[in-house]
Amino acid sequence: MADTSFDIVIIGSGPGGYVAAIRAAQLGFKTAIVERSHLGGICSNWGCIPTKALLRSAEIFHYMKHAKDYGLSAENVSFDPAAVVKRSRGVAGRMNTGVGFLMKKNKISVIWGEATLEAPGRFSVKSSPTPAPSGALGPGTYQAKHIIVATGARPRVLPGLEPDKKLVWTYFEALSPDIMPKSLLVVGSGAIGIEFASFYRTMGAEVTVVEVLPQILPVEDAEIAGFARKQFEKQGMKVISGAKVTKLEKKADSVTATIDDGKGTQTITVDRVISAVGVVGNIENIGLEKLGVKTDRGIIVADPYGRTNVPGIYAIGDVAGPPMLAHKAEHEAVICVEAIKGLHPHPMDKTMIPGCTYCHPQIASVGLTEAKAKEAGRDVRVGRFPFVGNGKAIALGEDQGLVKVIFDRKTGQLLGAHMVGAEVTELIQGFVVAMNLETTEEELFHTVFPHPTISETMKEAVLDAYGRVLNM
Ligand SMILES: Cc1cc2nc3c(=O)[nH]c(=O)nc-3n(C[C@H](O)[C@H](O)[C@H](O)COP(=O)(O)OP(=O)(O)OC[C@H]3O[C@@H](n4cnc5c(N)ncnc54)[C@H](O)[C@@H]3O)c2cc1C
């Protein structure tokens, strides 16, 4: 007879869910994971990874078109949209298979279907239309001492901008487009909107981005976001901030959007619209109300260990609130399971979570922006270093970038780091580690950075904050 009773069950197999399952299995818990759609969740199948695969194609296309800049020639550079998408879907498929492998390796049972909480310690699973992976358990009623809800999030829908899968896309259609639009309107300039804007612009579409706030990439430092905006505009992207899309009029194969900036309206007609106005937690139809689990504006309320107000029910990842990022979900997963085990993990510190946007140029940050540090009453010292002063960036043909660091003037503590330019999503981790170790400027002065690397811009920005910059 199939197992129906576990120590820990996780609902949802995204980066929150599957990492929680692995850590639980490592700690000796009898563990199962429930999934209704794709192992690996949004991140592997419709988020982080397939977008990066598309952006990689765009990056190579960009370099091929600029081959001359490097003394090379590439004639008649073109692309096959179906092949670009096929590669991205193939990459997502590999991730999906990989999560299945990890479940088997760690002896984690996979229960296939849609889970609903019935009572603390009990949940039921209904069948799902998506085919189950081999060896998965099926619908039924199951028991678990601890149930972790990791059901993720879905696209937010704004009235008047309802996605229709044909003309008005969400990230699902934008990741597997039926056509390569010649013109595109992206509503929303967070990481998801900007990544798609960057991909489609590089592939040749006329792209307009509309952002309701005055600043694009609203969570980033204003100076970094402003720098990135200039680069996007240089690439031919049109950016309208402080404006709302108020109406979409659909024709057979185009959409006319009305954009209101508070002073007046304008209309643009495009082939396709991408609605990228954020995501909302999947909190519906999972029995939260029945058990009295507290929710707030579309997310489950949980403490820094993932505990909800109902003993035995936990929440991690996107469904437990912002920042809605895969690495935050993974980290919460480990903390939650270790706390269940009684290992006293460090609670989640949301001020140390880096954020990355993989557009061209890339953007990466951690900690407080200059504005937020000042709002918090900190007396700050700010350092900056542009990529034009970095040999490696010049050698790469990538001299447009900027690093900005924020220190506490009194203590020398690094409060935040903000970067725009080539490969900064790989570099930011240096500052993340530094901040976790509560580093000060002195320790960074003592740190040797390899030459030639773009990472030297990080050291120079630190030196600049203290009037000691060398290469500028
Ligand atoms: C286009 C795009 C690009 C992104 N890029 C990045 C990036 O570069 N970096 C980054 O950090 N983040 C990125 N994100 C965000 C990232 O994907 C999410 O933060 C991450 O997937 C959240 O993980 P999770 O485990 O909370 O949930 P999810 O990955 O959303 O997984 C939840 C899973 O739960 C399942 N589920 C839901 N309800 C039930 C139920 N009742 N029963 C059974 N199963 C259920 C769902 O089918 C899903 O598979 C991106 C998101 C998008 C959309």
Where I147 falls short, out of the listed (1) part of a strand (DSSP E or B); (2) open to solvent by 10 Å² or more (accessible area, probe 1.4 Å); (3) within 15 Å of the ligand (Cβ to nearest atom) | (2)
Find all pairs meeting these conditions: Cβ atoms under 6 angstrom apart; at least six residues apart or on different chains; first residue within region 189-202 and closer than 17 Å to K244 by Cβ; second residue outside any helix (DSSP H, G or I) and of a type in the set (G, A, S).
-> G193/A276
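Do we find that K107 is part of a strand (DSSP E or B), modelled with pLDDT of 95 or more and more than 27 Å from G298 (Cβ to Cβ) in this structure? Break it down stepwise before answering.
Details: part of a strand (DSSP E or B): no; modelled with pLDDT of 95 or more: yes; more than 27 Å from G298 (Cβ to Cβ): yes.
The answer is no for K107.
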Would you check if F387 is among the aromatic types (F, W, Y), within 21 Å of H327 (Cβ to Cβ), surrounded by 18 or more Cβ atoms within 10 Å (Cβ to Cβ) and modelled with pLDDT of 95 or more?
-> no
Expected single match for small (G, A, S) and more than 13 Å from the ligand (Cβ to nearest atom) among G312, G317 is G312
Yes/no for T439 being free of Cβ contacts under 8 Å to residues at least 24 places away in the same chain, farther than 26 Å from H360 by Cα and among the polar types (S, T, N, Q) = no
Considering residues that are open to solvent by 20 Å² or more (accessible area, probe 1.4 Å) and among the polar types (S, T, N, Q), the number found within region 309-357 is 2
Complete set of residues in region 5-58 that are open to solvent by 50 Å² or more (accessible area, probe 1.4 Å) and more than 9 Å from the ligand (Cβ to nearest atom) | S5, R23, Q26, G28, K30, R56
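Can you give me the number of residues within region 208-238 that are closer than 18 Å to L161 by Cα, buried (at least 23 other Cβ atoms within 10 Å of the Cβ) and away from the ligand (no atom under 16 Å from the Cβ)?
Total satisfying the criteria: 2.
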Taking interchain pairs and intrachain pairs at least six residues apart, which have beta carbon atoms under 6 angstrom, with the first residue in region 11-22 and in a loop (DSSP other than H, G, I, E, B) and the second acidic (D, E) and near the ligand (Cβ under 6 Å from one of its atoms)?
-> S13/E35
Within region 180-197, the residues that are open to solvent by 10 Å² or more (accessible area, probe 1.4 Å), more than 12 Å from the ligand (Cβ to nearest atom) and in contact with a Phe, Trp or Tyr (Cβ under 9 Å, 6 or more places away or on another chain) are M180
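The values are calculated or read from the model by the stated rules, or taken from the named source; none is laboratory data. Values in this document were obtained by computation on a predicted structure and should not be read as measured data. Heads up, the Cβs are rebuilt from the backbone with ideal geometry, glycines too, and the neighbour counts pull from every protein chain shown. The area values use the complete protein model at the heavy-atom level, side chains included, leaving out ligands, DNA and RNA. Shrake-Rupley method; radii C 1.70, N 1.55, O 1.52, S 1.80 Å.
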